[in-house]
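Participant: Provided herewith is a single structure, encoded as structure tokens, for subsequent inquiry.
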Amino acid sequence: MPLVVRPSSIHSVGVFTTTPIRKDERIIEYAGPRMTREEADRRYDGAPRTYLYGLEDGKTIIDGEGLGAYLNHSCDPNCEIDEVGKRAWIFALRDIAAGEELVWDYNLYDDESPAPCRCGSPKCRGTLYSREWMAKMRRKTARKKIKAT
Ligand SMILES: C[S@@+](CC[C@H](N)C(=O)[O-])C[C@H]1O[C@@H](n2cnc3c(N)ncnc32)[C@H](O)[C@@H]1O
Ligand SMILES: [Zn+2]
């Protein structure tokens, strides 16, 4: 698949396609060494930029290497990440034109450090965290306030 890394209006650099991609096409693997969640926390706690993806088993983290790990986040993505066996792949969510930046929704969770989103989409929710995780954090803050009164 002809993909290039170049400067992105979203963040630093991103991945762009030089040819059209069809909806549902498997684009590239999110590949890299694997580690436990604890090891990833130990290595990257507080890092401003990471390349981590947590597999659905809830235990394994891929420390992304190569093009697949360079996709930026968007709240209105044209790609999604999905697992086939124990491998994570980027798939096209819709037809993508030549020249478009490839973006997926990171739906981050399990952290409380700020992660503001700069995807620029009218649908932007303002954060790289998932809606579910944000709702959980709001409930946690509300409970803390009740306890403090
Ligand atoms: C896997 S890297 C993506 C490639 C990155 N742009 C680069 O130049 O290395 C993930 C990091 O990019 C940044 N990032 C990606 N999408 C973003 C967005 N929509 N808004 C703000 N920062 C973003 C965050 O710092 C995130 O931790
Ligand atoms: Zn956004």
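Participant: Can you name the residue in segment 119-145 that is in a loop (DSSP other than H, G, I, E, B) and open to solvent by 90 Å² or more (accessible area, probe 1.4 Å) and, of all such residues, is farthest from ligand 2 (Cβ to nearest atom)? Step through it out loud before you land on a result.
Facilitator: Step one: filter segment 119-145 for residues in a loop (DSSP other than H, G, I, E, B), giving 119-126, 128, 130.
With the extra rule that they be open to solvent by 90 Å² or more (accessible area, probe 1.4 Å), the set shrinks to 122-123.
Working: P122: 10, K123: 7 Å.
Within segment 119-145, the match that is farthest from ligand 2 (Cβ to nearest atom) is P122.
Participant: Quick one: in segment 22-67, of everything that is small (G, A, S) and assigned to a loop (DSSP other than H, G, I, E, B), which residue is nearest to V84 (Cα to Cα)?
Facilitator: To start, the set of residues in segment 22-67 that are small (G, A, S) comprises 31-32, 40, 46-47, 54, 58, 64, 66.
Then keep just the ones that are assigned to a loop (DSSP other than H, G, I, E, B); that gives 31-32, 46-47, 58, 64, 66.
Details: A31: 12, G32: 15, G46: 30, A47: 29, G58: 15, G64: 16, G66: 19 Å.
For segment 22-67, the residue satisfying everything is A31.
Participant: Quick check on my filter: what residues within segment 80-118 are within 15 Å of ligand 2 (Cβ to nearest atom), in a loop (DSSP other than H, G, I, E, B) and open to solvent by 40 Å² or more (accessible area, probe 1.4 Å)?
Facilitator: Once the filter is applied, which keeps residues that are within 15 Å of ligand 2 (Cβ to nearest atom), in a loop (DSSP other than H, G, I, E, B) and open to solvent by 40 Å² or more (accessible area, probe 1.4 Å), segment 80-118 yields Y106, N107, P114, R118.
Participant: Going residue by residue through segment 67-79, is there one that turns out to be open to solvent by 50 Å² or more (accessible area, probe 1.4 Å), within 10 Å of ligand 1 (Cβ to nearest atom), of a type outside the set (A, V, I, L, M) and over 16 Å from R49 (Cβ atoms)?
Facilitator: No, that holds for no residue.
Participant: Does any residue in segment 51-69 that is among the hydroxyl-bearing types (S, T, Y) come within less than 8 Å, Cβ to Cβ, of a residue that is part of a loop (DSSP other than H, G, I, E, B) six or more places away or on a different chain, and which pairs are these?
Facilitator: As it stands, the answer is Y51/G32; Y51/G64; Y51/E65; Y53/Y30; Y53/G64; T60/K86, since those pairs meet every condition given.
Participant: In segment 1-37, which residue that is charged (D, E, K, R) and modelled with pLDDT of 95 or more is least open to solvent (accessible area, probe 1.4 Å)?
Facilitator: E29
Participant: Identify, please: which residue in segment 55-66 is touching a Phe, Trp or Tyr at 6+ places or on another chain (Cβ under 8 Å) and open to solvent by 10 Å² or more (accessible area, probe 1.4 Å) and is, among those, farthest from ligand 1 (Cβ to nearest atom)?
Facilitator: Per the criteria, the residue is I61.
Participant: Every residue in segment 113-149 that is touching a residue at least 40 places away in the same chain (Cβ under 8 Å) and farther than 15 Å from P77 by Cα, please.
Facilitator: S113
The values are calculated or read from the model by the stated rules, or taken from the named source; none is laboratory data. Fair warning: this is a prediction, and the values are worked out from it, not measured in the lab. Quick reminder, even Gly has a Cβ in these numbers, built from the backbone with ideal geometry, and neighbours come from all protein chains shown. For the accessible areas, the whole protein counts, side chains as well, though only heavy atoms, and no ligand, DNA or RNA atoms are used. Shrake-Rupley method; radii C 1.70, N 1.55, O 1.52, S 1.80 Å.
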